[in-house]
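The following block contains the structure, expressed as structure tokens.
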Amino acid sequence: MDLKDYIRSINDYPKKGILFRDITTLIKNEIAFEATINQIVERSKQFKVDKIAAIESRGFVFASAVSYVLRKPFIMLRKKNKLPAAVHSVDFELEYGTATIEVHKDSVSENDSVLIIDDLIATGGTAEAAAKLIEMSKANVTGFVFVINLFDLGGCKRLKDKGYKVENLMDFPGH
């Protein structure tokens, strides 16, 4: 099964000049979704994993299923002001703006090995911010798994240059 066949491309979304890779067409097909989760689980086996973290919101779709299969705690990395308890917070730049993500301070413990999962990597700013959140708790980012890598935007290279292990299931150009 070629999972690329289940990704829809939408021009000029969320703003002009962006080619959006839509995973809703993948997750609405139960066979493609199951294949995706199975591939992420297989790629995850190379990492030491105590906990699985995901970036809001599409990363939650994949990471929660992987967390269930691997029987590992699931940590939500959320947008600003979405978590009710004490948080670590990181500001970062997106391809088309700026944002803040947060994690509950008690979600990750010192020396935990955390795998971060997301649907897509573009420039790597969000993923790098996610790693900073985990590291604020003195935990270790064991690696990243992405469903889609927009290879020409350099996010995977950015993370690898910082010493992180990175896996992805498929590659698309970003533009």
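If you scan the stretch 1-21, which residues turn out to be of a type outside the set (D, E, K, R) and either modelled with pLDDT under 95 or part of a strand (DSSP E or B) (or both)?
To start, the set of residues in the stretch 1-21 that are of a type outside the set (D, E, K, R) comprises 1, 3, 6-7, 9-11, 13-14, 17-20.
The answer is 1, 9, 10, 11, 13, 14, 17, 18, 19, 20.
Determine whether the stretch 96-115 contains at least one residue that is under 11 Å from the mean Cα position of the chain (by Cα) and without any contact (Cβ under 8 Å) to a residue 60 or more places away in the chain.
Residues of the stretch 96-115 under 11 Å from the mean Cα position of the chain (by Cα): 115.
Okay, now just the ones that are also without any contact (Cβ under 8 Å) to a residue 60 or more places away in the chain, so none.
The answer is no; no qualifying residue exists.
Among the residues of the stretch 145-162, which ones are part of a helix (DSSP H, G or I) and surrounded by 21 or more Cβ atoms within 10 Å (Cβ to Cβ)? First the steps, then the outcome.
First pass over the stretch 145-162, keeping only residues part of a helix (DSSP H, G or I): 151-153, 155-161.
Matches in the stretch 145-162: 155, 156, 159.
Determine the pairs where a residue that is at positive phi, located within the stretch 134-162, has a partner that is of a type in the set (Asp, Glu) with Cβ atoms under 6 Å apart, the partner being 6 or more residues away or on another chain.
138/110
Tally up the residues in the stretch 163-175 that are in contact with a strand residue (DSSP E or B) (Cβ under 9 Å, 6 or more places away or on another chain), over 21 Å from residue 18 (Cβ atoms) and not in a strand (DSSP E or B), please.
Residues in the stretch 163-175 being in contact with a strand residue (DSSP E or B) (Cβ under 9 Å, 6 or more places away or on another chain), over 21 Å from residue 18 (Cβ atoms) and not in a strand (DSSP E or B): 2 in total.
Does residue 153 satisfy being closer than 28 Å to residue 9 by Cβ and among the aliphatic types (A, V, I, L, M)? It would help to see each step written out before you state the result.
Numbers: closer than 28 Å to residue 9 by Cβ: yes; among the aliphatic types (A, V, I, L, M): yes.
When the stated conditions are applied, residue 153 passes them.
Within the stretch 22-94, considering only helices (runs of 4 or more DSSP H) that don't extend past its boundaries, which have at least 1 residues that are of a type outside the set (Ser, Thr, Tyr) and surrounded by fewer than 17 Cβ atoms within 10 Å (Cβ to Cβ)?
Values: elements: 24-27, 30-44, 58-70.
The helices (runs of 4 or more DSSP H) meeting that bar are 30-44, 58-70.
Scan the stretch 97-144 residue by residue and report those that are under 25 Å from residue 171 (Cβ atoms), among the acidic types (Asp, Glu) and either in a strand (DSSP E or B) or in contact with a helix residue (DSSP H, G or I) (Cβ under 6 Å, 6 or more places away or on another chain) (or both).
Hits for the stretch 97-144 are 118, 119.
Based on what the data block shows, is residue 129 out of contact with any Pro (no Cβ under 9 Å at 6 or more places or on another chain), among the hydrophobic types (A, V, I, L, M, F, W, C) and modelled with pLDDT of 95 or more? Steps first, answer last, please.
Details: out of contact with any Pro (no Cβ under 9 Å at 6 or more places or on another chain): yes; among the hydrophobic types (A, V, I, L, M, F, W, C): yes; modelled with pLDDT of 95 or more: yes.
When the stated conditions are applied, residue 129 passes them.
The values are calculated or read from the model by the stated rules, or taken from the named source; none is laboratory data. What you are looking at is a predicted structure, and each value in this text was computed from that prediction instead of being measured. Every residue, glycine among them, receives a Cβ derived from its backbone with ideal geometry; neighbour counts consider all protein chains shown.
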